[in-house]
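See structure below.
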Amino acid sequence: MSTSESSDQELLREFLLRHREAAFTELARRHLNLVYSAALRQLAGDSQTAEDVVQMVFAELARQAKTLVKHPALAGWLYTTTRRMAGHARRGQQRREQREQEAFAMQNPNPTDESADWLQLRDVLDEAMHQLSEKDRLALLSRFFEGRELRQVGETLGTSENAARMRVQRALEKLRGILARKGVTTSAAGLTAVLGANTVTAAPAALLASVTSATTVALNTTGAASLGGLTAKTLFIAMKTPIVYTAAIILASAPLVFQQLQIRPARAELADLRHGLADQDDLRARAAQAETNRQAQEELAILKRDEAELGRLKQETESLKAKNTNSIQLSQANRELRQAQTNRDREAAEVQAQVLRDKSINNLKQMGWAALVWAQENKGRFPKTFEAMALELGQGFMSKGLTERFEFFPQGRELTPKDTSRFLFREINPRQMPNGQWERAYCLGDGSVHNITLDTDDFTAWEQQAKGIVDQETSASSSHSTGGQ
């Protein structure tokens, strides 16, 4: 398998056990933009300090390689470590803040065209991400900060593509809630767009070479076999030392390097022995785990047999109880009682539906009569609001929640007595009957009331077809009307 096809854990293991610099270079290449973007955000755009933080993060990765070789998601660890080291760097440069800002302005004469949403989000994003759970944070890191497809996100999380999609959506909603508490409000689509467009900033081309070369210098200085003792300070000094001083150090330490070259084969042999012992320890641990698993499987099988026997005994007990009672007669009686209750419930529902239908029709009749009286007193024009009809309807009628059940229809249209075949009022919401059909009552301009029945609760098509009220031939198949006045 090529280096580019290996997983993060395989690359880290190659670097730790085989001292392959190419493996570490591939790791740095994969995650460089993620680390650099996070450092750049948390340092308010200070690219120089961000590059220093990137080098310290990857130095820490080299130092912690032994403990991280079994880490399930290296991207999450890198993101958290970047946040911690960027915090240290930010606190260390508070006294030089003004000077650093001026230096950043000179280094970046053409400011990036950042949206207002990103400028508002940038300073609080990483703090909000830190408040998410590890799985939610890793899902967002993989999807937006590393730009992976949902299938790849699922592979990182150990789930399917659909599960990864749901995890990303839930994590986005949680992140929106955290941001809202920090005063940053945005929609789910807006947050997705901003994260997709701004979270990844390409690292400078020379930064990868700087990271890997610094690690190489530190390895050659301290000895590849003693990587476990490599300190972040050693790597950082190797990164920050100018080339001139590095050359001087190498020339001054030539005898030491010669000695290192002489003892390197011995160290390699010792490392191989250690690896062999580690493999033996791993085999013994696996054998012990296999024995533990075998014992657990045997105990589980015994428990399952006992559970099956208990179930059989319970079934026999129930069978004996059933033989001592007239279970058939009891079941028949229960069915008859349930059927009787069902019939009573259906009859009660039908009566209630009929009462509500009659009440709606009577209310619309009274409203139609009041509208006609109002029109006679107002030059033949119908009213447009219920408040205008209050005198004709009476305060008692108005206090019964009239406007919550009925409405002018269509709203805002002015009718005259000549429009007697046009709609005037209707129920706001259709009523569902016990048989599953839907009804809605309408009042026409002539005061007549019609109760229409359809198989659906959407009366739009019927209302568009009807001119005042649908003719009898049309209504015979899908509705029925109840005359008013």
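The numbers here are math on the coordinates, done by the rules we state, and not lab data. Since we're looking at a predicted model, the values are computed, not measured. In this analysis, Cβ positions are derived from the backbone assuming ideal geometry, glycine residues included, and neighbour counts consider all displayed protein chains.
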Checklist outcome for this item: At the level of C-alpha centres, the distance separating the stretch 44-64 and the stretch 322-356, in angstrom, is 75
Checklist outcome for this item: Any residue on another chain or 5+ positions along whose placed amide H is under 5 Å from the amide H of residue 423 is listed here as 468
Next on the checklist: Can you work out the Karplus-derived ³J(HN,Hα) for every residue in the stretch 10-15? Use 6.51 cos²θ - 1.76 cosθ + 1.60 with θ = phi - 60°, whole Hz, and x for glycine or proline.
Outcome noted: 5, 5, 5, 5, 4, 5
Checklist outcome for this item: Ranked on Cβ counts within 10 Å of their own Cβ, fewest leading, 88, 71 go 88, 71
Checklist entry - In the stretch 21-91, which chymotrypsin sites (Phe, Trp or Tyr not before Pro) fall in coil by DSSP and have 11 or fewer other Cβ atoms within 10 Å? => result none
Checklist entry - To the nearest 20 debye, what charge dipole does the stretch 1-59 have about its Cα centre, counting +1 at the Cβ of each Lys and Arg and -1 at the Cβ of each Asp and Glu? => result 80
Item to check | Likely footprinting exposure, 452, 178, fewest C-beta neighbours within 10 Å first | outcome: 178, 452
Item to check | Residue order, fewest to most surrounding Cβ atoms within 10 angstrom, among 444, 402 | outcome: 402, 444
Checklist outcome for this item: Residue-ordered couplings for the stretch 353-360, obtained by feeding phi - 60° into the Karplus form 6.51 cos²θ - 1.76 cosθ + 1.60 and rounding to whole Hz (Gly and Pro as x), are 5, 5, 4, 5, 5, 4, 5, 5
